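Asks: What follows is a structure written as structure tokens; I'll ask about it next.
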Amino acid sequence: MGLRDVLFGRKKLKDPAKERLFAISTARITLETELDLKPSGSAGVCFKSLSAGEFVRAENDLQQLLDAVGNQSSSKVQRKSDEMGFEWLVVHDQDFESVVATVHLIASELQDRGFGGQLLAADFPFEGKFKESRAYWIYGFKQGAFWPFVPTGKDQERDNTEEMELKAKLEGELPIEQDLTRWFGLFDAPL
């Protein structure tokens, strides 16, 4: 960003860093063997809903995206909305590598169609260790980094101790977001 951009209040948003997403595929081995966390068979891509002017074009593009993903992947993809008004493309597949590849394909297609700035996060749920809920690894597209999210099962509470333990165990395998204030939780994600 140059001086002119600062003076006139313009700035260009960073493109999503979607390539680092594949690190979760190899980290899965550590998650399963050392932490007793297994992939749930689903994941979701969360993006901001669009303004009214973009909506008609986006609806057509999203349907084309879903059709393209269906043709290129064995995964099933559903479109959902959450309580906060965000849009989700939820991937279902028992093969974790296929889930990750489909999430990457969705992010790439959204970016190629001009909606990369709308991409927020990918959410990968894991089951096993926690009795009350799942553990999640969230990937922030803008940051190009992961962070753990462990809800306690109580209303909007998270288990920070478990999250810090997950961070410590996987720091060598995943690009981890170091700024803890950016570790937002995705409560009630439609996964």
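The values are calculated or read from the model by the stated rules, or taken from the named source; none is laboratory data. Keep in mind the model is a prediction, meaning the values are calculated, not measured. All Cβ positions, glycine included, derive from the backbone under ideal geometry; neighbour counts span all protein chains shown. Quick note on the areas: whole protein, heavy atoms, side chains included, nothing else; ligands and nucleic acids left out. Shrake-Rupley method; radii C 1.70, N 1.55, O 1.52, S 1.80 Å.
Asks: Of all residues in the stretch 2-35 being open to solvent by less than 40 Å² (accessible area, probe 1.4 Å) and of a type in the set (Val, Ile, Thr), which is modelled with the highest pLDDT?
Replies: By that ranking, first place goes to 24.
Asks: Going through the stretch 81-90 one residue at a time, which ones are part of a loop (DSSP other than H, G, I, E, B) and within 10 Å of residue 46 (Cα to Cα)?
Replies: 82, 86 - these are the residues of the stretch 81-90 that are part of a loop (DSSP other than H, G, I, E, B) and within 10 Å of residue 46 (Cα to Cα).
Asks: Here is a list: 147, 183, 88, 137. Which entry is within 13 Å of the chain's Cα centre (by Cα) and over 23 Å from residue 35 (Cα atoms)?
Replies: After applying the criteria, what remains is 88.
Asks: Among what's in the stretch 91-120 and is in contact (Cβ under 8 Å) with a residue 60 or more places away in the chain and outside any helix (DSSP H, G or I), pick the residue that is farthest from the chain's Cα centre (by Cα).
Replies: Applying the filter and picking the extreme gives 119.
Asks: Here's another thing I want to ask about it. What about residue 107, is it among the hydrophobic types (A, V, I, L, M, F, W, C) and open to solvent by 40 Å² or more (accessible area, probe 1.4 Å)?
Replies: No, not satisfied.
Asks: Sticking with this one: Which one is farthest from residue 103 (Cα to Cα), of the residues in the stretch 130-161 that are open to solvent by less than 10 Å² (accessible area, probe 1.4 Å) and β-branched (Val, Ile, Thr)?
Replies: 150
Asks: Still on this structure, I have one more. Can you tell me how many residues within the stretch 162-180 are exposed (fewer than 14 other Cβ atoms within 10 Å of the Cβ) and farther than 14 Å from residue 35 by Cβ?
Replies: Adding up the residues that qualify gives 3.
Asks: Would you confirm whether any residue within the stretch 121-136 is at pLDDT below 90 and of a type in the set (A, V, I, L, M, F, W, C)?
Replies: Yes, the stretch 121-136 contains a residue that is at pLDDT below 90 and of a type in the set (A, V, I, L, M, F, W, C).
Asks: Suppose we filter the stretch 41-85 for residues that are surrounded by 13 or more Cβ atoms within 10 Å (Cβ to Cβ), modelled with pLDDT under 80 and either under 19 Å from the mean Cα position of the chain (by Cα) or not charged (D, E, K, R) (or both); how many remain?
Replies: 10
Asks: Which ones in the stretch 108-162 are out of contact with any strand residue (DSSP E or B) (no Cβ under 7 Å at 6 or more places or on another chain) and among the basic types (Lys, Arg)?
Replies: 113, 131, 142, 154
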